[in-house]
1. Among Ala77, His43, Gly60, which residue has its Cα positioned farthest towards the positive end of the charge dipole of segment 27-181, with +1 placed on the Cβ of Lys and Arg, -1 on the Cβ of Asp and Glu, and the dipole taken about the Cα centre?
2. Can you give me the % of accessible surface on segment 100-248 that is carbon or sulfur? Probe 1.4 Å, all protein chains present, nothing else counted.
3. Percent of accessible area on segment 284-389 owned by carbon and sulfur, 1.4 Å probe?
4. Given +1 on the Cβ of Lys and Arg, -1 on the Cβ of Asp and Glu, and no further charges, what dipole in debye does segment 1-54 carry about its Cα centre, rounded to the nearest 20?
5. Relative contact order, percent, of segment 292-394 when contacts are C-alpha pairs under 8 Å separated by at least 6 residues?
6. With the other protein chains left in place, how much accessible area per residue, in square angstrom, belongs to the chain at a 1.4 angstrom probe?
7. Of Ser362, Ala266, Leu295, which is farthest along the charge dipole of the chain in the positive direction, counting Lys and Arg as +1 and Asp and Glu as -1 at C-beta?
8. Taking the Cα centre of segment 78-195 as origin and charging only Cβ (+1 Lys, Arg; -1 Asp, Glu), how large is the dipole, in debye to the nearest 20?
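The values are calculated or read from the model by the stated rules, or taken from the named source; none is laboratory data. Here the structure is a predicted model, which means the values were calculated and not measured. As a convention, Cβ positions derive from the backbone with ideal geometry for all residues, glycine included, and neighbour counts pool all protein chains shown. Note: areas computed on protein heavy atoms with side chains; ligands, DNA, RNA excluded. Shrake-Rupley method; radii C 1.70, N 1.55, O 1.52, S 1.80 Å.
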Amino acid sequence: MEVNVCTAEYIDNLIEQTGWPKHLFEDESKKPRVVDTVEEFVHELLLGSHMDDVVVLKDGLTKLKMWDAIPETFINAVNTSKNVRDFLKKLDPELQKKLKTRLYYAKKGKWKFGEEKELKRDKDGNKVLSIKEKLDALNDFDDIADEHMYVAELRYIDRFRHPLGNDWVRTFLTKDMKDYVTRGEAAAMPYWDRFDEGVFVGAHESGSPLHVDQVSWSNVGKNFCGHKVMAIWKYGKDSFSLLDDHLRQLFAKGCSAKQLSQLDKACKIALVSPGDVFIFSGANPHMVMSVGEALSLTAYESFVNLNPIHTQVLMDTATSTHFEECWPDDDTILDIKEEVADAIEDTQVMIHKGEEPMTKDSKFVNAFNACLPTFWKDRDMKKCLSGRGLAKKC
C-alpha cells in the first residue's frame, strides 16, 4: 500500500478541524521527535528514552513492510465506512461473533466534548461482549448517536497461538514490532505484551480522552488509516492538577478556554498520519483524537524497554507518582511483576549462554545491568527475583 502525500493545505485543514491553535503544531519544542531510518527507530524502541516525548517513524509501515499486518477485510471495512457503526456492520457475521471490543458513544444531542459512555449492557441489562452482541444492543437504543462513536481494544475473544512468535495472543494482526526485531531482542525486554494488543477505530472527534495508562508501560502504535492528533503532558505529580480537572475529557473543537489553555502546557503535540509508526509512554498523561472525514485505525503493543528511566517508571505503577484514579488492581500489577521476573530470569540465562544480543559487554547487557537495581529496589520485585535465585548483576 502506498501513502498519499498530504498537501500543506490539507494538513492545515485537518488542524483547523481539531479546534486546536495552529501555533501548537508549529512550536518546535512541542513537535514529536522524527527519526528517518528503521535502525534509529528500533534503537529508540529497545534502548532509548521517550519520556515526555513522541518518537515517530514517518511512513513506518512502508519502511517496516507491515502494511499487510492487518487482514484486508478490516482495512476495506474502514475505508468504505462513514462511521464506526457502519464499520462494525461490514465485518463478516461470523467474525462479529469472535471479536470483542470496548465501544464508546454519546447520546444524540448530548455530546459534551469527550464525555462518552461505554456500551456494556443491552436494554434488558444483559452484559454484551462480542461485536455481534454490541451491534444488537445498539439497535435496541434509539438515542445513541453515530457521531463520536469509538472502538477501543478490538481483539479476538479466544486466545490462539500467533503464527510467527507461537506465543498466546488475541490480536488479529499477523505481525508486530515484536516480530520485526530479532527473537533475542524481543526476549531481552523486561516486558512486551501483544497478547492483548488492541486495535482502535474512530471517526472525527472521537478517541481516547485524557488519562494515564493503568500500568506505566510504553506503547508503540501503528497507524493504518486516517489521521489523529495526540497531546501528551509531563510525567508525574506536576500533571496531577490537569488530571484532577480534565480526566477522561476529549478536547474537541469548541472546548472551553480552560481546556485550550491546558494544551499550551502539553509537552508534545503530534499529528499522526496513515503509515506512521510511533512510540510514547503511557505513563505520560495523554489524549488521542481522530480528525478528518476518514475513519482512523491504529494498533498498539505495550512494552518496557531496557532503559533505566522506563524500568523505573514501570515500578512507579500504583505509587505516589501515578495518578490514583488510574491505578490497576493489586492482582494485575503483581501478575505483571511476575512476568517481568520471568523475563529477567530468561535474560540472565541468555547472558550466561552468550546468546545474541546478550553477549559479553554488549550494549544490551550493559543496559540490562543498568536496569537491574531498579527492580531489586521494589519490594514485590525483590521477592519475585529472590525466589528465583537470580543475580543482582550479570
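1. Final value for the positive-end residue is Ala77.
2. 44
3. Numbers: 2190 of 4590 Å².
Within segment 284-389, the accessible surface is 48 percent carbon and sulfur.
4. Its charge dipole is roughly 160 debye.
5. Normalised by residue count, the contact order of segment 292-394 is 32 percent.
6. On a per-residue basis, 45 Å².
7. Towards the positive end, the residue furthest out is Ser362.
8. 100
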